[in-house]
Amino acid sequence: MSGTPGFPRGTNILVALGAATLTAIGISSIKGILAPVLLTLILTICANPVRTGLLKRGVPGGLATGSVILVVFGLLAGFTYTLILATAQFVAMLPSYSKQFEQIGASIGAWLTSIGVGPDQVQAVEKGLTPSNLGHIISSALGSVVSITGALVIILTMMILMAADAAYARTILHQLGTRNPDLVTSFTDYASNVRRYMVVTTVLGVVQGTLNAIALYILHVPAALLWGLLAFLCSFIPNIGYFFALIPPLVFGFLVGGWPTVIAVIIVYGVINAVVQSIIQPRVVGHAVSLSQTITFFSVLFWAVVIGPIGAILAIPLTLLGKAILIDSNPAAHWWRPALGPTTETRDLQKAEEAEAKHDRKDRRDAKKHPSQTEPTPTDA
């Protein structure tokens, strides 16, 4: 079969892959401004129902929009600068653990030597495990105050503009619906699904980070507040965020309490993560995220490479946005939906198949217990 008339399917696939690659490279080249804009878009989508509710209660439009913008931006700015202050205190605290880092470096160096690693590589590893290097790595990962302030300015400006444009959203969608109702439906469903996902993930992330910080404080792990904030951020990163949030508390738990503290941290994080992300979140979010685990994990890697750490945090909403534009808005492409993840129809089919398989197993067990009931009745001669 051929795709576009005159071109074989293989050519169309290669052209599509080439276009996707160029698009990703182009997006990555402007990630400095695109990342905060995309974050603002998601925040605006999540905050819009609050603005709509205020308008229904008779609050003037300008006041309702301004109130929501200030609250959302204030929370975001407060969290960001709390993270900066906690990181600064942590970096200032690192020199007091220089002897412990030297012992860890010596132990790792001895182990590397025992497995045949060269002395130059061993020395490089030992020199890298110093408080100053660790503080530099963490500070670089967080970014400078200037860059964070610039991103917050972009976010505030875009929130004001997007909130003002949102006043025309209903009318614009009505106009588009007369020409392309599938596009409007896909965007409406996307806004509802991403809003549910982000709100639920935020609430559960706050609970998760708070519980982790309290547990670390009880275990006397240094910088418990910082690791609680890290756990909150990593709760938005599916599959692998838990491991990023776990590593720093393990290291500093080992420094202050040895292996018993390490085991306690693993148990605490494991229980909290299992309950929140594996039991509560899937039940509450439901069908809002119809993506397979494989695609979810790949989307984290893809968006992290393309637009940086914000891409990893917004991986699910951005992937759902691409799905809404390319598949949900195009009826001819709807057949791709089951390939991307379990839809409602897929779940119903699976439940029916499991029920049928369970019934068949029961019938086989009954046949083994009562074989005489399944034998044919002998006929008279």
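Please list, in order, the residues from the stretch 200-228 whose amide nitrogen is less than 14 Å from a point placed 7 Å along the Cα→Cβ vector of Ala92.
Within reach of a label on Ala92: 223.
Among Val117, Val50, Val262, which one shows the highest mean-square fluctuation when the chain is modelled as a Gaussian network with alpha-carbon springs under 10 Å?
Greatest mean-square fluctuation among the candidates belongs to Val117.
Could you state the number of Å between the C-alpha centres of the stretch 275-353 and the stretch 47-122?
26 Å
Could you name the lysines whose alpha carbon sits less than 20 Å from that of Lys351, not counting residues in the same chain fewer than 8 places away?
Here the lysines satisfying the reach criterion relative to Lys351 are Lys362.
Could you provide, to the nearest whole Å², the per residue accessible area of the stretch 1-86 with probe 1.4 Å?
Values: 5140 Å² over 86 residues.
Accessible surface, normalised per residue, equals 60 Å².
Report the residue, chosen from Gly205, Gly308, Gly116, that carries the largest GNM mean-square fluctuation when the chain is represented by alpha-carbon nodes joined by springs under 10 Å.
In this elastic network of the chain, the residue with the biggest mean-square fluctuation among Gly205, Gly308, Gly116 is Gly116.
Considering just Cα atoms, how many Å³ per residue does the convex hull of the chain enclose?
On the way: hull volume 118.8 nm³, N = 381.
Cα-based convex hull of the chain, divided per residue, equals 312 Å³.
Can you list the aspartates and glutamates whose alpha carbon sits under 18 Å from that of Lys369, skipping same-chain ones fewer than 8 residues off?
Leaving aside aspartates and glutamates fewer than 8 places away in the same chain, those within reach of Lys369 are Asp360.
Could you work out the relative contact order of the chain? I mean the mean sequence separation of Cα pairs under 8 Å and 6+ apart, divided by the number of residues, in percent.
Values: 309 pairs, mean separation 69.2, N = 381.
Computed over the chain, the figure is 18 percent.
Of all the accessible heavy-atom surface of the chain, with the other protein chains kept in place and a 1.4 Å probe, what percent is carbon and sulfur? Mind showing how you got there, number by number?
Working: 15650 of 22740 Å².
The value for the chain is 69 percent carbon and sulfur by accessible area.
Using the membrane-span-like helix rule (whole DSSP H runs, Cα extent along the own axis of at least 27 Å, mean Kyte-Doolittle hydropathy at least -1.0), which helices of the chain qualify? Numbers along the way, then the final one.
Values: long enough: 9-29 (30 Å, 1.11); 31-56 (37 Å, 1.26); 61-93 (48 Å, 1.74); 145-166 (31 Å, 2.22); 181-218 (55 Å, 0.68); 344-369 (38 Å, -2.41).
Within the chain the helices that satisfy the rule are 9-29, 31-56, 61-93, 145-166, 181-218.
Show which lysines lie in cross-link reach of Lys368 when reach means a straight Cα distance below 17 angstrom and same-chain residues fewer than eight apart are skipped.
Lys358
If ligands, DNA and RNA are left out, what is the accessible area of Ile218 with a 1.4 Å probe, given in Å² to the nearest 10?
Using a 1.4 Å probe on the heavy atoms, I get roughly 110 Å².
The values are calculated or read from the model by the stated rules, or taken from the named source; none is laboratory data. Keep in mind that this is a model prediction, so the values were computed, not measured. Glycine gets a Cβ as well: all are built from the backbone with ideal geometry, and neighbour counts include every protein chain shown. When the accessible area is computed, the model is the full protein with side chains, heavy atoms only, and any ligands, DNA or RNA have been set aside. Shrake-Rupley method; radii C 1.70, N 1.55, O 1.52, S 1.80 Å.
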